[in-house]
Structures are given as structure tokens and as C-alpha cells.
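The values are calculated or read from the model by the stated rules, or taken from the named source; none is laboratory data. The structure presented is a predicted model; accordingly, all values stated were derived computationally and were not measured. Heads up, the Cβs are rebuilt from the backbone with ideal geometry, glycines too, and the neighbour counts pull from every protein chain shown.
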Amino acid sequence: MRAVWNGDEWELHIVCKKEIPVEESPGDKTAGIDLGISNYLAIDYEDGPSELYPGNVLKEDKHYFTREEYQTEGENGPSKRSRNARRKLSRRKDHFLHTLSKHIVEQCAEEGVEKIAVGDLSDIREDEDSGSRNWGSSGNKKLHGWEFDRFTNLLEYKAEEHGILVDRVDEENTSRTCSCCGQIRDSNRVERGLYVCASCGVTMNADVNGAVNIRRKITQSPPTGDMSNGWLAQPGVFLFDRESGRFTPRERGVCKP
């Protein structure tokens, strides 16, 4: 038992151990997860679909509650309304991460995944020379709000219950490498969300391309050359629904002649 100050009030934490039954692995396949800004998460399943999970709801909450916190700041420190806004944002963020990690594990179990590779971004804020990276004012605001470690920790323990392993891997060159031919070039990513390889000509979603390369970090398999399936260019999109508290697939438009 210990008393912990959360920045606003004291909390009493009681730590206990509980044995959790671990299931056998649902299969022998792999999945790769790329964490990012526009899309909080992109995942690629071996011999399966690719999916995007936008973080729009999380961004909206951060913008709204952070603004409310600053607008209600008192002269002698945070006001009661300001502290409430901070706590509510923290609860919503934690709920989002719990729901997302649970959903991803369930999806992986359905796809027969044995191991998940996740890009290790624990040192994303650090620079080899100065100790901190300058991503611009907007980028820094988003980066410091990311909860990469929190999400990955949640994913690890939820996956373990299903017999699925989570491996944190180095993200070096995963966003610059073509998952089809293996060419590495900065200019291949023509804009956020779109990756066009100057060598083989393939066009695909940039975040999914990164997820494929992250997955291959644990399989050690080289680019296959032909990956012309629709999931690379048009992955499925899952949106967080506040009312149900779940992630639901976004309907795809149907093109008619």
C-alpha cells in the first residue's frame, strides 16, 4: 500500500498479485504495428488484411480539455474546473488506449497471430546530439501527447492472456523502405498517408507500408515483389465510437459505372 500524489490530489494505491490463465497461441502468424500521428495505429496481418485506426477522437479530446484547462486557470494555480478537465482528459485517454489494445488483441486472435511486432518509439523525443528533437511547434505538441509506452504495455499484458507475444522492434528505415521491392528512399513518401515507390511504381498507404516492414523485422523475410492486394492501397479503417465505447469499421464507398 502506498500514497501517490497525482498532481491534484493524493491517491491510495494497493498492489496485489493475481494469477491469470494464459491461453495457447491462436496460430503461428505475425502482425506488425506502426504507431503514428495522423493514424494512431496501422496494423498489417500476415496473409491477411491491413487496418488503420485514426486517433481523431483522442486529438479532439486533447484539444478541448487542454483549452478548457488553460481558460479556467486561476491566478493562484489550477482552479477546480481546470483540475477536473485534466482528470477527465486522463480518464478518456486511458479508456481509449484500453479499448484499442483490447480490440487489437481480439483482431489478432481472429487472424491466428502468434507474435506482434511493434515499433519501439521509447526514445522518439531524444536526439543523439542535443537530446531532444525539434519537430515544429505543432509536431512537438502532438508528440508529447503520445502514449506509446502506455499503449504498448497494455497491449503486452492483454496479448499474453491470449498466448500472443509482443516484440518491440527498431523502426529504423521502416517508413522509407518499399515493402514490395526493398528500395530505401526519403522521396518515396510523397505526402502524409501516401507512399509511391520510384523503383517499382507501387502505390500504397504509407502507414501500412511501415507496418509491413515492422512485421518483417521479426520474420526476417525479404520483400516479395508482388503485393498487389487492395489492403495495401485501401486498408480497412476502424473508428472509435464514443456512444458504444467500441471500434467499428468504417463503411467503404462503392464505385458504380
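Miscellaneous remarks
- In the set (1) at pLDDT 80 or above; (2) of a type in the set (Ser, Thr, Tyr); (3) surrounded by fewer than 18 Cβ atoms within 10 Å (Cβ to Cβ), the condition left unmet by Ser101 is number (3).
- Selection within region 176-212 - surrounded by 17 or more Cβ atoms within 10 Å (Cβ to Cβ) and in contact with an Asp or Glu (Cβ under 8 Å, 6 or more places away or on another chain): Arg176, Cys180, Asp207, Val208, Gly210, Ala211, Val212
- Qualifying residue in region 123-142 (condition: hydrophobic (A, V, I, L, M, F, W, C) and modelled with pLDDT of 70 or more): no
- Some residue of region 54-73 being polar (S, T, N, Q), at pLDDT 80 or above and outside any helix (DSSP H, G or I): no
- Checking Val113 against (1) farther than 26 Å from Thr248 by Cα; (2) modelled with pLDDT of 95 or more, the condition it does not meet: (1)
- Pair list, Cβ under 6 Å, 6 or more apart: region 41-69 residue farther than 15 Å from His95 by Cα and among the polar types (S, T, N, Q), other residue assigned to a strand (DSSP E or B) and modelled with pLDDT of 95 or more: Ser50/Asp44
- Selection within region 180-194 - modelled with pLDDT of 85 or more and over 19 Å from the mean Cα position of the chain (by Cα): Cys180, Cys181, Gly182, Gln183, Ile184
- Single residue of region 17-36 satisfying the filter (modelled with pLDDT of 80 or more and not in a strand (DSSP E or B)) that is nearest to Val237 (Cα to Cα): Gly36
- Every pair of residues 6+ apart whose Cβ atoms lie under 8 Å, when the first sits in region 232-248 and is touching a residue at least 24 places away in the same chain (Cβ under 8 Å) while the second is small (Gly, Ala, Ser) and not in a loop (DSSP other than H, G, I, E, B): Leu232/Ser50; Pro235/Ala42; Pro235/Ser50; Gly236/Ser50
- So Ala198, is it at pLDDT 95 or above and either touching a strand residue (DSSP E or B) at 6+ places or on another chain (Cβ under 7 Å) or of a type in the set (A, V, I, L, M, F, W, C) (or both): no
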